[in-house]
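The values are calculated or read from the model by the stated rules, or taken from the named source; none is laboratory data. Note that the structure is a prediction, hence the values are computed from the model and not measured. Cβ atoms come from the backbone with ideal geometry, glycine included; neighbour counts cover every protein chain shown. Areas reflect the complete protein model, heavy atoms only, side chains present, ligands, DNA and RNA absent. Shrake-Rupley method; radii C 1.70, N 1.55, O 1.52, S 1.80 Å.
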Amino acid sequence: MYKLRHLILTGVCCALVSTALCGTVFLNIRPYTNGDTVMMARKILMNNYVNPLTEEQVTKMNDMAISGMVASLGDQYSRYLNEEDMAAYEEEKKETYVGIGVSVNFDVEENVMTVVSPYDGSPAQKAGLLPGDIVLEVAGVKVTAESYDSVLEYIKKGEDEEIALLIGRGEETIEVSVKREEIKRQSVSYKMYGDGIGRIRVSEFIQNTAGDFENALNELKASGMRGLIIDLRSNPGGYADTVLKMTDKLLPEGVIAYLEDNHGKRQYFHSDEECLDIPMVVLINQGTASASELMAGSLKAHDLATIIGEKSYGKAVGQSVYPLTATTAIYLTNSRYFTPNGECIDKIGITPDIQVSLPVELIGKISYLEPEEDPQLAKAIEVLLSKIGA
């Protein structure tokens, strides 16, 4: 009986001592963390874990903590860029890189990797990947939140020249083999059709796109252009400053668009008096997203272009990179953009004025289809010819 009572009393004493010790640690940490529980947790782990933490363990702890905070937002576009991710992000910005040439989006909530658009002339486009395809597996590895980064790394730097993808398309599951190549990003092409109809195809908005777009406009105007088709089909977006410069060339003086942050503060972007004073048509489809929707939406709001094709993707939020260290950052959704008439098409998309569908098997070939093969392009030419009275 004495032994049992002694054991119980000892347990109570240990508990009191443990509580006292924990209280002492907690009180010592609080003044240095300003009550920030995340900082408190970090200090507790670093100061009290049974084994001293290595530099590698501290880096991993920081990476997982920040990544978890960003993931908790449930935002499909925001992500933490650790050292490897940051290097990959910088690589993606280059005009030339090794890969398959496709823009993808990973939805954290749905745990799904979706093709936004393959780039014009890319291996992904040649292999038949389409906007809206779900990438289920890469080289036999199921795409999940945990494998996403390593899957992208494999696509860029794996040893195999041919990459096996398992694609979900509607109710079908399709196996696709895509060749890894050096991708040279050429975002603008143009052509003149009969009766003064010009067409500028813009596949994405990168650093050189604005200059190439202006050159294309000048060449077409010199050739007698009387109506313009701006082809933004399967354009996943890109740099905001690029699309704003380009849209400024098309609009008269007025508002191009505006951004609104989480405090309701607005930033307006204006065009000058110089504009393109001819009838315009904009071609869109389900792969038209982000910056390309900004251009189409702005032209539509100013009633300067007829929108033809299929409903666009529906992304009207902007992201910025916030550096944490020299090699890490947070890529964060920090604003919504609105068309000049105050419309935000995020998760809604732009509905075309004239609905024209394109056979699925032709979507990957839009950059080089002729009007007789492309009903959307043919309709655009027809509309412009009626406007210019040809």
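Placing dummy labels 7 Å off each Cα toward the beta-carbon, the span from E182 to N262 is 4.3 nm. Largest GNM mean-square fluctuation among V50, V321, V356, using the chain with Cα springs under 10 Å: V50.
Within the listed set E56, E372, E91, the Gaussian network model of the chain (springs between alpha-carbon atoms below 10 Å) gives the highest mean-square fluctuation for E56. Under 23 Å of direct C-alpha separation, and excluding same-chain neighbours fewer than eight residues apart, K365 reaches these lysines: K126, K179, K184, K191, K311, K379.
Residue-wise HN-Hα couplings along the range 86-92, as the Karplus relation 6.51 cos²θ - 1.76 cosθ + 1.60 with θ = phi - 60° gives them from phi, are 5, 5, 5, 4, 5, 5, 5 Hz; Gly and Pro carry x. Residues whose amide H falls under 5 Å from that of Y193, counting only those 5 or more places apart or on a different chain, are G198, R199, with hydrogens built in the peptide plane. Each peptide in 75-88, 163-176 gets a packing score, the mean of other Cβ atoms within 10 Å over its residues, and the list from highest to lowest is 75-88, 163-176. If you take the charge dipole of the chain about its Cα centre, with +1 on Lys and Arg Cβ and -1 on Asp and Glu Cβ, which of I183, G74, A316 is farthest toward its positive end? Highest projection toward the positive end goes to G74. If one takes the longest principal axis of the Cα atoms in the chain, at what angle in degrees, from 0 to 90 and to the nearest 10, does the Cα axis of helix 291-301 lie? With both axes taken from Cα atoms, the answer is about 50 degrees. Would the range 163-315 count as rounded, prolate or oblate if I go by the C-alpha gyration tensor, calling it rounded below 1.5 in a/c and otherwise prolate when a/b exceeds b/c, oblate otherwise? Note, shape of the range 163-315 comes out oblate.
Once backbone amide H atoms are built at 1.01 Å from N, L324 has A329, I330 as its partners under 5 Å, excluding neighbours fewer than 5 places away on the same chain.
Just so you know, the averaged projected area of the alpha carbon convex hull for the range 61-111 sits at 4.2 nm².
Could you tell me the ratio Rg/Rh of the chain? Both radii from Cα atoms, Rh via Kirkwood.
On the way: Rg = 26.8 Å, Rh = 23.8 Å.
Dividing the radius of gyration by the Kirkwood radius yields 1.12.
Using θ = phi - 60° in the Karplus curve 6.51 cos²θ - 1.76 cosθ + 1.60, the 3J(HN,Hα) couplings for the range 200-211 round to 10, 9, 10, 8, 6, 10, 10, 4, 8, 5, 4, x Hz; x is entered for Gly and Pro. Segment D36..K60, full-extension length gain: 6.6 nm, with 0.36 nm per residue of separation and the alpha-carbon distance subtracted.
Shown here are the Rg and Dmax of the Cα trace of the range 257-390, at 17.6, 60 Å.
Structural descriptor for the range 211-328: relative contact order 28 percent, calculated from alpha carbon pairs under 8 angstrom and at least 6 residues apart.
How much mean residue ellipticity at 222 nm does the chain get from its helices, if each DSSP H run of length 4 or more adds -39500 (n - 2.57) and you divide by all residues, to the nearest 500 deg cm²/dmol?
The helix-only estimate for the chain comes to -11000 deg cm²/dmol at 222 nm.
Element breakdown for the chain at a 1.4 angstrom probe: carbon and sulfur atoms account for 53% of the accessible area. The string of couplings for the range 271-287 from the Karplus curve (6.51, -1.76, 1.60, θ = phi - 60°) is 9, 8, 6, 5, 8, 9, 8, 9, x, 10, 10, 10, 9, 9, 8, 5, x Hz, one whole number per residue in order, with x for Gly and Pro. Among beta bridges from DSSP that stay inside the range 91-242, the antiparallel ones total about 85%.
Candidate cross-link partners of K60 among the aspartates and glutamates, defined by an alpha-carbon separation under 14 Å and a same-chain spacing of 8 or more, comprise E83, E84, D85.
Proximity of backbone amide H atoms, modeled 1.01 Å from N, is registered between S234 and N285, G287, T288 at under 5 Å, excluding neighbours fewer than 5 places apart on the same chain. If you run the Gaussian network model on the chain, springs between alpha carbon atoms under 10 Å, then out of K300, K156, K265 the most flexible one is K265. Note on the chain: dipole from Cβ charges, positive end direction compared against G196, N334, I388; the farthest Cα belongs to N334.
Normalised radius of gyration for the range 77-194, please: alpha carbon Rg relative to 2.2 N^0.38 Å, two decimal places.
Working: Rg = 14.7 Å, N = 118, 2.2 N^0.38 = 13.5 Å.
The range 77-194 yields a ratio of 1.09.
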